[in-house]
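S.K.: Got a structure for you, questions after.
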Amino acid sequence: MRDTPTIATSTAPHAHIRHHVLVLSGKGGVGKSTVAVNLAIALQMAGQRVGLLDVDIHGPSIPTMLGLEGTRLRGTEELLQPVEHDGLRVMSLGFMLTDQDDAVIWRGPLKMKLIRQFLEQVAWGDLDVLVIDAPPGTGDEPLSVCQVLGAVSGAVIVTTPQKVAAVDVRKAITFCRTLQVPVLGVVENMSGFVCPTCGTRTAIFPAGSAARMAREMHVPFLGAIPIDPRIAAAGDEGRAFVRQPGAGPAADIMRSIMQPVLALDTPDAVSH
């Protein structure tokens, strides 16, 4: 990127956040950010105080998916203010870029420094849940989140029906277990196609691989979200799909994903 954003070095008072929930994927292109956005909005619709943190440094897509492109951050070098979106508090490197076409060419230490700022030097306020959208894989960004926080409440892992995606999800589960992050469950995205006119569901890829992998890895399977053209349209238009009235089974499944997050305070609610 041409202009490196200012990264504060002082530590602000710690925000009062009950739970930090990572949204992970083994591979790119599985709809992880779509799940993260709709999970955050579904939690908010359920009465939770929610923040959404985008730590995908090289491809921050949350501002686009919420219709916040071009929004600039407010605050000081010591304390940044999250962007408010209908009560949802949002933070992303995308708000710090002067040109959305800029490439962020950073090595690990600078990414770690920015993630620390996002977690410790943002005026998150009192939140029930901070949903953290991490980039694909098990590299610097999710590792930095876990190192800064010390303890993460849980992770939702997103995959697609293809075997190659399920193989990489196993690595994400192993990553969570290595860092003692409870796996709240696995979501299979793009699982069949639902006709927006008649509601008929058609299998495109072989079904069942994610559910089978979840059983083999002893983690919960949270559901299969079908391909629905309205999901992509909502993201492109900066709207959360789960807010749409009459959104159908895909939105119902997206809303069900929040149940293990809501249950975090109950005994034996998560699996390692």
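The values are calculated or read from the model by the stated rules, or taken from the named source; none is laboratory data. Quick caveat: nothing in here was measured; it's all calculated off a predicted structure. Here the Cβ is made from the backbone with ideal geometry for all residues, glycine too, and neighbour counts use every protein chain on show.
S.K.: Of the conditions (1) buried (at least 20 other Cβ atoms within 10 Å of the Cβ); (2) more than 18 Å from the chain's Cα centre (by Cα); (3) within 23 Å of L264 (Cβ to Cβ), D126 satisfies every one except a single condition; which number is it?
M.R.: (1)
S.K.: For region 87-122, name all the residues that are more than 17 Å from the chain's Cα centre (by Cα) and among the hydroxyl-bearing types (S, T, Y).
M.R.: If the condition is that a residue be more than 17 Å from the chain's Cα centre (by Cα) and among the hydroxyl-bearing types (S, T, Y), then T98 is the only one that fits.
S.K.: Considering only region 213-230, state which residues are at negative phi and modelled with pLDDT of 90 or more.
M.R.: Selection gives M213, A214, R215, E216, M217, V219, P220, F221, L222, A224, I225.
S.K.: Can you find a residue in region 148-170 that is acidic (D, E) and surrounded by fewer than 23 Cβ atoms within 10 Å (Cβ to Cβ)?
M.R.: The first filter runs over region 148-170 and keeps only residues acidic (D, E), leaving 168.
Then keep just the ones that are surrounded by fewer than 23 Cβ atoms within 10 Å (Cβ to Cβ); that gives 168.
Yes, region 148-170 contains a residue that is acidic (D, E) and surrounded by fewer than 23 Cβ atoms within 10 Å (Cβ to Cβ).
S.K.: I would also like to ask the following. Does any residue in region 123-144 that is part of a helix (DSSP H, G or I) come within less than 7 Å, Cβ to Cβ, of a residue that is of a type in the set (G, A, S) six or more places away or on a different chain, and which pairs are these?
M.R.: D140/G108; E141/A134; P142/A134
S.K.: I would also like to ask the following. Considering each of G75, G59, G70 in turn, give the residue that is out of contact with any Asp or Glu (no Cβ under 8 Å at 6 or more places or on another chain), closer than 24 Å to V181 by Cβ and among the small types (G, A, S).
M.R.: The unique qualifying residue is G59.
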